[in-house]
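Undergrad: The structure follows.
The values are calculated or read from the model by the stated rules, or taken from the named source; none is laboratory data. If you're wondering where the values come from, they're calculated on a predicted model, not measured in any experiment. Cβ sites come from the backbone with ideal geometry, for glycine too, and all protein chains shown count toward neighbours. Keep in mind that these areas ignore ligands, DNA and RNA; they rest on the heavy atoms of the full protein, side chains included. Shrake-Rupley method; radii C 1.70, N 1.55, O 1.52, S 1.80 Å.
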2 protein chains.
Amino acid sequence: MKWLACLLVAVAAVAGVVARSAPGSGPADGEAAPIFGVKIPPGYRDWKLISVAHEAGNLNDLRAILGNDVAIKAYREGKLPFPDGTIIARLAWSYVPSEENNKVFGRAQSFVAGSATNVQFMVKDSKKYAATGGWKYAQFDYGKALADEATLQGCFNCHQAIKDRDYVFTHYAP
Amino acid sequence: MKWLACLLVAVAAVAGVVARSAPGSGPADGEAAPIFGVKIPPGYRDWKLISVAHEAGNLNDLRAILGNDVAIKAYREGKLPFPDGTIIARLAWSYVPSEENNKVFGRAQSFVAGSATNVQFMVKDSKKYAATGGWKYAQFDYGKALADEATLQGCFNCHQAIKDRDYVFTHYAP
């Protein structure tokens with residue numbers, strides 16, 4: 001079942017988490033992921049915001065989805081499929097109650113980004129990655145590429161559920 | 001009590017919500033807020049990400065905090081107080097379960113950005129806004145400036161709780 005494959009991907013992602021803060025502007029961008037040959041796109045931490053989300057359950061994170069200029073332009077034009085050159089980045093942090101905020105609000109209501117977990121990318125090239133719907137998938141934990149082939153194939157397996165939106169789940173936040 | 005003032009601000013903010021999607025790249029930036037004379041900073045929707053959060057309770061939103069280049073540079077340098085010219089934007093959307101994501105995950109765990117609620121700004125000018133800790137506060141609902149003086153004063157009243165971090169609650173997400 002697709003959901004099981006996705007859950008396994010998610011569990012693998014969590015297993016890759018190192019639970020400490022990552023200072024500075026993000027992981028080093030030198031390392032390549034051998035499976036798809038993806039390097040961390042330089043400057044991704046500075047990309048524009050597509051949207052935000054909270055994943056509860058095993059993931060228990062807060063996430064921001066950022067896009068390079070090609071991605072943002074396509075989203076704002078409502079254009080599908082995404083053009084070649086689109087890159088979408090999913091950053092995530094542990095979901096942490098903020099004691100200092102709660103003190104001010106006078107109740108427990110505020111949840112903020114804790115430690116960085118991992119960053120995932122989708123990179124569009126409809127010819128090169130035709131076998132996986134035109135996208136390559138990659139994941140990095142503190143700059144270290146996730147190299148497990150089955151896990152990365154699991155990304156595509158899950159994303160097939162949203163083939164109608166060119167395999168991209170995230171909507172643009174207005 | 002400070003928390004009550006903050007809660008009133010939050011309630012006023014919610015009362016200003018129009019529950020529909022705001023298409024495009026954000027509210028029009030022509031209107032000035034009469035109290036502090038703040039106009040919506042042009043292009044704020046394209047600013048870099050500082051962090052994300054979820055406010056439960058009456059707010060029930062997902063939020064992204066974005067910063068102009070001065071803000072981002074100060075955050076990354078760990079520099080306090082923020083320099084004059086810093087602008088921090090807090091965007092927010094209703095906190096909505098994603099049925100299509102939950103179908104794929106096989107459980108109810110995924111919460112995404114729904115309709116835009118309002119956008120708030122903090123603008124730093126230590127001389128001009130000395131009476132309110134060096135910052136002016138503004139809020140816009142679909143491009144319409146919140147003009148209620150008591151509410152905007154309430155922003156400063158709450159933020160005094162974090163005077164030690166130059167009145168800014170949000171930490172930078174690594």
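Undergrad: If you put a point 7 Å past Cα along the Cβ direction, how far is that point for B:Glu149 from the same point in each other copy, in nm, smallest first?
TA: Result, one decimal in nm: 7.1.
Undergrad: Now for a different question. Using Cα positions and a limit of under 17 Å, work out the aspartates and glutamates in reach of B:Lys103, with same-chain residues fewer than 8 apart set aside.
TA: A:Glu55, A:Asp164
Undergrad: If you put a point 7 Å past Cα along the Cβ direction, how far is that point for A:Arg107 from the same point in each other copy, in nm, smallest first?
TA: Copy-to-copy label distances for A:Arg107: 2.7 nm.
Undergrad: Taking each label point as 7 Å beyond Cα in the direction of the beta carbon, state the distances from A:Gly57 to the same residue in the other copies, shortest first, in nm.
TA: Once sorted, the set of distances for A:Gly57 reads 2.9 nm.
Undergrad: Which one of A:Ala108, A:Ala130, A:Leu146 is farthest out on the positive end of the charge dipole of region A:94-174, using unit charges on Cβ (Lys, Arg +1; Asp, Glu -1) and the Cα centre as origin?
TA: A:Ala130
Undergrad: Subtract the Cα-Cα distance of B:Asp84 and B:Asn58 from 0.36 nm times their separation in residues, and report this length gain in nm to one decimal.
TA: Values: separation 26, 0.36 × 26 = 9.36 nm, distance 3.28 nm.
Result: 6.1 nm gained on full extension.
Undergrad: Need one word for region B:40-102: rounded, prolate or oblate. Basis is the Cα gyration tensor (sqrt eigenvalues a ≥ b ≥ c); a/c below 1.5 gives rounded, then a/b vs b/c decides. All intermediate terms of the calculation are to be shown ahead of the outcome.
TA: Working: a/c = 2.48, a/b = 2.20, b/c = 1.13.
Prolate, because a/c is 1.5 or more and a/b exceeds b/c.
Undergrad: For the interface of A with B, what's the total buried accessible surface in square angstrom, probe 1.4 angstrom, rounded to the nearest hundred?
TA: Details: alone 9690 and 9700 Å², together 15250 Å².
Summed over both sides, the interface buries about 4100 Å².
Undergrad: Follow-up question, since we're still on this one. About the Cα centre, and with charges only on the beta carbon of Lys, Arg (+1) and Asp, Glu (-1), how big is the dipole of region B:73-159? Nearest 20 debye, please. Please list the in-between numbers first.
TA: On the way: 11 positive and 8 negative charges, 70 e Å.
Charge dipole, region B:73-159, about its Cα centre: 340 debye, nearest 20.
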